[in-house]
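Computed from the coordinates by the stated procedures, all read-outs in this text should not be read as laboratory data. Please read all numbers here as calculations on a predicted model, not as lab measurements. Positions of Cβ are backbone-derived with ideal geometry, glycine not excepted, and every protein chain shown enters the neighbour counts.
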Amino acid sequence: MRILILGGTTEASELAQLLAGDSRFEATLSLAGRTVSPKPQPLRTRIGGFGGIAGLEAWLRDHAVEAVIDATHPYADQMARHAVAACEGLALPLASIRRAAWPRQERDRWIDVATPQAAVSALGQDPARVFLSLGRLELAAFVAAPQHHYVARTIDPPGDIALPPDIRFVFDRGPFDETKEEAFLTREHIAFVVSKNSGGAATYPKIAAARRLNIPVVMIARPDKPHGVPLDSARAAVTWLEGQLAHRPSSTSRRSV
Ligand code: NAP
């Protein structure tokens, strides 16, 4: 059975591991190409956008894909929307791995905002030391508040984008560790953390460390992400794929379509 996995997440990598060497499935993992050196994957990998909904539909048709798993990040809402539209258009089964958001704990000092622009306002007028734990494309919003000192942690250098004047980069991709995150926030005298509510374990230690240090976290809200059949893990995706395999039309009828 031919499958497309829309990836770029821990769950997509886990699914790739689970499907590697499973002769029932012929899976391709698709990455957007945001990271210069993505982690090596055990499945055939394609990199780069499809060219909108029409491009994705054409790719799915050309590669005779029979099922799609959307395992993109909770903030990757455009790709999710395109997957829903293309799969509806082609009547293809689609399932989506949905990562639960981090729940607010009692001693968390979260300031909930809707957008990176609103996060800038939440930092206030007085110069502050700010840890930006965001993707590089979200950093441009902070140009509007040049009075702050920023430390940004990204996987790759930011490239040619507008940046606030006082910004330093730390390159790392995690997973992170709570003790080290606490030491980092203390050493940098961080007054605000700016984060997305990504969910999962890999990037949670900064949130736990901020709680212990009583540092406010400006939390950018999740987008409303459309989805197919909701699943909560890579393992659940394999079970769902097995169900698709069991119920798919026989090879004779598929050939005659
Ligand atoms: P997005 O806003 O939903 O997607 C923008 C465009 O990038 C899509 O329309 C598509 O281009 C292309 N694209 C996105 N994911 C793709 C994939 N898996 N394979 C091929 N093309 C893809 O997504 P994004 O926020 O830019 O995120 C890009 C990737 O980074 C995703 O794979 C996501 O899982 C991962 N990621 C995102 C975040 C985040 O905070 N957004 C964090 C960690 C990882 P076309 O329209 O040309 O097809």
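Maximal additional length on extending the GLN41-ALA128 stretch stands at 27.3 nm, based on 0.36 nm per residue less the C-alpha distance. What separates the Cα centres of segment 145-198 and segment 6-23 is a distance of 29 Å. For ILE111, nonlocal amide neighbours, meaning residues 5 or more places apart or on other chains whose placed amide H falls under 5 Å from its own, are VAL217, VAL218, MET219.
Modelled this way, with points 7 Å down the Cα-to-C-beta line, the labels at ALA100 and ASP112 are 1.8 nm from one another. Label reach from ARG173 (point 7 Å along Cα→C-beta): in segment 145-159, amide nitrogens under 18 Å belong to 153-159. Less than 5 angstrom separates the built amide H of ALA152 from those of LEU132, ARG168, PHE169, VAL170, all sequence-distant by 5 or more or on a different chain.
What the phi angles of segment 70-83 give under the Karplus curve with 6.51, -1.76 and 1.60, with θ = phi - 60°, is a coupling list of 8, 10, 7, 5, x, 9, 8, 7, 5, 4, 4, 5, 5, 5 Hz, glycine and proline written as x. Checking every one of the trypsin sites (Lys or Arg not before Pro) in segment 109-162 against DSSP loop status and a limit of 16 other Cβ atoms within 10 Å picks out ARG109. Considering all C-alpha pairs of the chain, those separated by over 26 Å amount to 46%. Would you mind classifying segment 110-220 by shape? Square roots of the alpha carbon gyration tensor eigenvalues, ordered a ≥ b ≥ c; an a/c under 1.5 is rounded, otherwise it is prolate if a/b is larger than b/c and oblate if not. Since a/c stays below 1.5, the shape of segment 110-220 is classed as rounded.
Through the Karplus equation 6.51 cos²θ - 1.76 cosθ + 1.60, θ set to phi - 60°, convert the phi angles of segment 162-176 into ³J(HN,Hα) values in whole Hz; use x for Gly and Pro. After applying 6.51 cos²θ - 1.76 cosθ + 1.60, I find 5, 9, x, x, 9, 9, 10, 10, 10, 9, 6, 10, x, x, 9 Hz. Principal-axis analysis of the Cα atoms of the chain puts helix 52-62 at an angle of about 30° to the longest axis. List the residues of segment 52-67 whose backbone N lies under 12 Å from a point placed 7 Å from the Cα of LEU90 along the Cα-to-Cβ direction. Only 53-67 fall inside the zone, counting backbone N under 12 Å.
Extending 7 Å from Cα along the Cβ direction at ILE155 and again at ALA246 yields two label points whose distance is 3.5 nm. Relative to the dominant Cα principal axis of the chain, helix 234-247 is inclined by about 20°.
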